[in-house]
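Here is the structure we will look at, set down as structure tokens.
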């Protein structure tokens, strides 16, 4: 039997990352460490960089928070930290698209629907393990406004598009989708999905 694990997710928008004031920066790192987050999303990470003094400062932030982590594109000044005892990094995000832009692009490609970025609403974070053991982090969004009539724009990938009650999906709904809908119905902002454990198809 698997043991339940509490996942703490924190988001921090620290103005200008202390704006060069080391004592102010250090106080914030210590405060974040005190929260003991499993996942930490950082914005305004000015002063961090892949190399040089910026890399040293970023490394110190990971040491203080006791988390692993990676920087986002430099121009966006973001970083994602995670507890390496819980999450295993599979790959780095090697595109300049932010997560929400990737979601919007895929939505249009698969359904023909257009949603404005400001109409996206964060729904949940998913820790996903496939039947072959590959792990990934998924970000789920919802939207209440869109343009266009939804249709199956990629019939070679999907059978059909349905309007359904999220609390009562079809029995043949993919296990991943079933769990995402269950999390949504329960109001959960995080949920693990282990297809290897439930016997779902990849």
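Remarks
- Some residue of the stretch 49-61 being loosely packed, with under 12 Cβ neighbours inside 10 Å, closer than 20 Å to residue 98 by Cα and modelled with pLDDT under 95: yes
- Residues within the stretch 29-54 that are under 23 Å from the mean Cα position of the chain (by Cα) and part of a helix (DSSP H, G or I), tallied: 6
- Filtering the stretch 1-48 to residues that are under 29 Å from residue 124 (Cβ atoms), modelled with pLDDT under 95 and loosely packed, with under 12 Cβ neighbours inside 10 Å leaves 1, 2, 3, 4, 5, 6, 11, 13, 15.
- Pick from the stretch 109-136, criterion under 20 Å from residue 5 (Cβ atoms) and buried (at least 16 other Cβ atoms within 10 Å of the Cβ), ranking: modelled with the lowest pLDDT: 130
- Condition met for residue 85 (outside any strand (DSSP E or B), under 18 Å from residue 191 (Cβ atoms) and modelled with pLDDT of 85 or more): no
- Residue satisfying condition, being out of contact with any strand residue (DSSP E or B) (no Cβ under 8 Å at 6 or more places or on another chain), closer than 29 Å to residue 86 by Cβ and either in a helix (DSSP H, G or I) or in the same structural domain as residue 123 (by TED's automatic domain parsing) (or both), within set 181, 162: 181
- The stretch 142-178: number of residues that are touching a residue at least 24 places away in the same chain (Cβ under 8 Å) and over 21 Å from residue 119 (Cβ atoms): 7
- Whichever residue in the stretch 162-176 is at pLDDT below 90 and surrounded by 12 or more Cβ atoms within 10 Å (Cβ to Cβ) and, among such residues, is nearest to the chain's Cα centre (by Cα): 176
The values are calculated or read from the model by the stated rules, or taken from the named source; none is laboratory data. None of these values were measured; they are calculated from a predicted model. Methodologically, a virtual Cβ is constructed for each residue, glycine included, from the backbone with ideal geometry; neighbour enumeration extends over all protein chains shown.
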